[in-house]
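One structure is given here, and the rest of the page talks about it.
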Amino acid sequence: MKVKNSAHVAALYGMLIALAFVLSFVETLIPISLGIPGVKLGLANLVTVVGLYTIGTGGTVVISLLRIVLTGFTFGNLFAMLYSLGGWSLSLLLMVLCRRRNWMGTTGISILGGVGHNIGQVCVAALVVKQAGVFFYLPLLLIAGTAAGLIIGILGGMIISRISNFIKKIQ
(Lines give C-alpha, C1' and ligand atoms only; values in the text may rest on other atoms or scores of the structure.)
Protein backbone atom coordinates (compact mmCIF):
# COMPACT_ATOMS: atom_id res chain seq x y z
CA MET A 1 0.00 0.00 0.00
CA LYS A 2 1.34 3.42 -0.87
CA VAL A 3 0.48 5.84 1.91
CA LYS A 4 0.82 9.62 1.50
CA ASN A 5 3.20 10.25 4.40
CA SER A 6 4.92 8.65 7.35
CA ALA A 7 2.30 9.98 9.79
CA HIS A 8 -0.35 7.96 7.95
CA VAL A 9 1.85 4.88 8.08
CA ALA A 10 2.52 5.28 11.80
CA ALA A 11 -1.17 5.81 12.54
CA LEU A 12 -2.25 2.83 10.45
CA TYR A 13 0.36 0.50 11.96
CA GLY A 14 -0.43 1.70 15.47
CA MET A 15 -4.12 1.08 14.89
CA LEU A 16 -3.49 -2.43 13.54
CA ILE A 17 -1.11 -3.31 16.40
CA ALA A 18 -3.68 -2.08 18.92
CA LEU A 19 -6.46 -4.04 17.20
CA ALA A 20 -4.38 -7.22 17.17
CA PHE A 21 -3.50 -6.70 20.84
CA VAL A 22 -7.15 -6.19 21.82
CA LEU A 23 -8.21 -9.26 19.83
CA SER A 24 -5.51 -11.26 21.62
CA PHE A 25 -6.88 -10.06 24.95
CA VAL A 26 -10.46 -10.95 23.96
CA GLU A 27 -9.21 -14.39 23.03
CA THR A 28 -7.85 -14.91 26.56
CA LEU A 29 -11.41 -14.37 27.84
CA ILE A 30 -12.86 -17.16 25.68
CA PRO A 31 -12.30 -20.54 27.32
CA ILE A 32 -11.59 -23.25 24.77
CA SER A 33 -10.70 -26.65 26.12
CA LEU A 34 -10.34 -29.55 23.73
CA GLY A 35 -7.93 -31.35 26.03
CA ILE A 36 -4.95 -30.12 24.05
CA PRO A 37 -2.81 -27.13 24.97
CA GLY A 38 -2.51 -24.36 22.41
CA VAL A 39 -5.96 -24.50 20.81
CA LYS A 40 -7.17 -20.95 20.19
CA LEU A 41 -9.49 -19.13 17.83
CA GLY A 42 -6.67 -17.01 16.43
CA LEU A 43 -8.66 -13.78 16.45
CA ALA A 44 -5.52 -11.64 16.16
CA ASN A 45 -4.69 -13.47 12.94
CA LEU A 46 -7.56 -11.54 11.43
CA VAL A 47 -5.25 -8.52 11.45
CA THR A 48 -2.52 -10.59 9.79
CA VAL A 49 -4.77 -11.77 6.97
CA VAL A 50 -6.20 -8.30 6.38
CA GLY A 51 -2.69 -6.84 6.57
CA LEU A 52 -1.38 -9.13 3.84
CA TYR A 53 -4.03 -7.79 1.50
CA THR A 54 -3.92 -4.13 2.49
CA ILE A 55 -0.48 -3.05 3.75
CA GLY A 56 1.73 -5.78 2.29
CA THR A 57 4.25 -8.22 3.66
CA GLY A 58 6.68 -5.87 5.40
CA GLY A 59 4.07 -4.07 7.45
CA THR A 60 2.29 -7.30 8.29
CA VAL A 61 5.52 -8.85 9.57
CA VAL A 62 6.20 -5.84 11.81
CA ILE A 63 2.65 -5.72 13.17
CA SER A 64 2.43 -9.47 13.78
CA LEU A 65 5.83 -9.66 15.45
CA LEU A 66 5.06 -6.74 17.75
CA ARG A 67 1.70 -8.27 18.61
CA ILE A 68 3.31 -11.58 19.58
CA VAL A 69 5.93 -9.90 21.77
CA LEU A 70 3.41 -7.58 23.43
CA THR A 71 0.86 -10.30 24.12
CA GLY A 72 3.58 -12.71 25.20
CA PHE A 73 4.82 -10.33 27.87
CA THR A 74 1.30 -9.24 28.87
CA PHE A 75 -0.76 -12.45 28.84
CA GLY A 76 1.75 -15.28 28.61
CA ASN A 77 5.31 -16.19 29.40
CA LEU A 78 8.58 -16.72 27.56
CA PHE A 79 7.65 -20.25 26.48
CA ALA A 80 4.26 -19.16 25.17
CA MET A 81 6.02 -16.44 23.19
CA LEU A 82 8.54 -18.96 21.85
CA TYR A 83 5.75 -21.30 20.70
CA SER A 84 3.89 -18.39 19.12
CA LEU A 85 7.00 -17.22 17.28
CA GLY A 86 7.60 -20.73 15.93
CA GLY A 87 4.05 -20.99 14.70
CA TRP A 88 4.06 -17.43 13.39
CA SER A 89 7.20 -17.86 11.32
CA LEU A 90 5.97 -20.95 9.44
CA SER A 91 2.45 -19.61 9.15
CA LEU A 92 3.49 -16.25 7.75
CA LEU A 93 6.01 -17.80 5.37
CA LEU A 94 3.32 -20.05 3.87
CA MET A 95 0.72 -17.28 3.70
CA VAL A 96 3.10 -14.79 2.07
CA LEU A 97 4.25 -17.36 -0.49
CA CYS A 98 0.69 -18.28 -1.46
CA ARG A 99 -0.43 -14.64 -1.50
CA ARG A 100 2.42 -13.58 -3.80
CA ARG A 101 1.77 -16.47 -6.18
CA ASN A 102 -2.03 -16.03 -6.03
CA TRP A 103 -2.38 -19.74 -5.31
CA MET A 104 -5.35 -19.29 -2.99
CA GLY A 105 -7.95 -16.79 -1.93
CA THR A 106 -8.27 -15.16 1.45
CA THR A 107 -9.94 -18.15 3.09
CA GLY A 108 -7.44 -20.67 1.72
CA ILE A 109 -4.51 -18.54 2.82
CA SER A 110 -6.02 -18.16 6.28
CA ILE A 111 -6.57 -21.91 6.61
CA LEU A 112 -3.00 -22.54 5.48
CA GLY A 113 -1.85 -20.01 8.07
CA GLY A 114 -3.78 -21.77 10.85
CA VAL A 115 -2.40 -25.17 9.90
CA GLY A 116 1.13 -23.80 9.47
CA HIS A 117 0.94 -22.12 12.86
CA ASN A 118 0.02 -25.39 14.56
CA ILE A 119 2.77 -27.32 12.79
CA GLY A 120 5.33 -24.67 13.76
CA GLN A 121 4.17 -24.67 17.37
CA VAL A 122 4.37 -28.44 17.68
CA CYS A 123 7.86 -28.47 16.14
CA VAL A 124 9.04 -25.85 18.65
CA ALA A 125 7.37 -27.76 21.49
CA ALA A 126 9.16 -30.97 20.42
CA LEU A 127 12.48 -29.13 20.51
CA VAL A 128 11.77 -27.49 23.87
CA VAL A 129 10.56 -30.59 25.70
CA LYS A 130 12.82 -32.93 23.72
CA GLN A 131 9.95 -35.34 23.15
CA ALA A 132 8.52 -36.43 19.81
CA GLY A 133 5.35 -37.42 21.68
CA VAL A 134 3.97 -33.89 21.28
CA PHE A 135 3.27 -34.73 17.64
CA PHE A 136 0.45 -36.89 19.01
CA TYR A 137 -1.51 -33.63 19.41
CA LEU A 138 -1.01 -32.60 15.78
CA PRO A 139 -4.09 -34.20 14.16
CA LEU A 140 -6.53 -32.44 16.49
CA LEU A 141 -4.54 -29.21 16.25
CA LEU A 142 -4.72 -29.39 12.45
CA ILE A 143 -8.49 -29.79 12.60
CA ALA A 144 -8.77 -26.85 15.01
CA GLY A 145 -6.40 -24.77 12.87
CA THR A 146 -8.41 -25.51 9.75
CA ALA A 147 -11.69 -24.53 11.43
CA ALA A 148 -10.24 -21.36 12.95
CA GLY A 149 -8.52 -20.48 9.66
CA LEU A 150 -11.80 -20.91 7.80
CA ILE A 151 -13.64 -18.53 10.14
CA ILE A 152 -10.81 -15.97 10.14
CA GLY A 153 -10.50 -16.21 6.34
CA ILE A 154 -14.19 -15.58 5.77
CA LEU A 155 -14.21 -12.63 8.18
CA GLY A 156 -10.96 -11.32 6.69
CA GLY A 157 -12.40 -11.43 3.19
CA MET A 158 -15.44 -9.48 4.35
CA ILE A 159 -13.27 -6.85 6.04
CA ILE A 160 -10.94 -6.52 3.06
CA SER A 161 -13.85 -5.94 0.69
CA ARG A 162 -15.34 -3.32 3.01
CA ILE A 163 -12.17 -1.33 3.64
CA SER A 164 -10.70 -1.51 0.14
CA ASN A 165 -12.32 1.81 -0.87
CA PHE A 166 -10.91 3.49 2.23
CA ILE A 167 -7.43 2.09 1.56
CA LYS A 168 -7.58 3.36 -2.04
CA LYS A 169 -8.38 6.87 -0.78
CA ILE A 170 -5.23 7.10 1.34
CA GLN A 171 -2.95 5.64 -1.30
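The values are calculated or read from the model by the stated rules, or taken from the named source; none is laboratory data. All values reported here derive from a predicted model rather than from experimental measurement. Heads up, the Cβs are rebuilt from the backbone with ideal geometry, glycines too, and the neighbour counts pull from every protein chain shown. Surface accessibility is based on the protein's heavy atoms, side chains included, excluding ligands, DNA and RNA. Shrake-Rupley method; radii C 1.70, N 1.55, O 1.52, S 1.80 Å.
With all protein chains kept in place, the per residue accessible area of the chain amounts to 55 square angstrom at a probe of 1.4 angstrom.
Whenever you get a sec, compute what percent of the accessible area on the chain sits on carbon and sulfur atoms (1.4 Å probe). Carbon and sulfur together cover 71 percent of it. Place +1 on the Cβ of every Lys and Arg and -1 on the Cβ of every Asp and Glu in the chain, take the dipole about the Cα centre, and give the residue among Leu29, Ala126, Ile111 whose Cα lies farthest towards its positive end. So the residue furthest toward the plus end is Ile111. The reciprocal of the average 1/r between distinct C-alpha atoms defines the Kirkwood hydrodynamic radius, which for the chain equals 16.3 Å. The separation of segment 29-80 from segment 127-144, counted between C-alpha centres, amounts to 19 Å. Only helical runs count toward this figure. For the chain, summing -39,500 (n - 2.57) over DSSP H runs of n ≥ 4 and dividing by all residues gives -27500 deg cm²/dmol at 222 nm. When each full DSSP H helix of the chain is screened for a Cα extent of at least 24 Å along its own axis and an average Kyte-Doolittle hydropathy of at least 0.0, the helices passing are 6-29, 57-75, 78-101, 106-129, 138-170. In this Cβ point-charge picture (+1 for Lys and Arg, -1 for Asp and Glu), segment 6-170 has a dipole of about 400 debye about its Cα centre.
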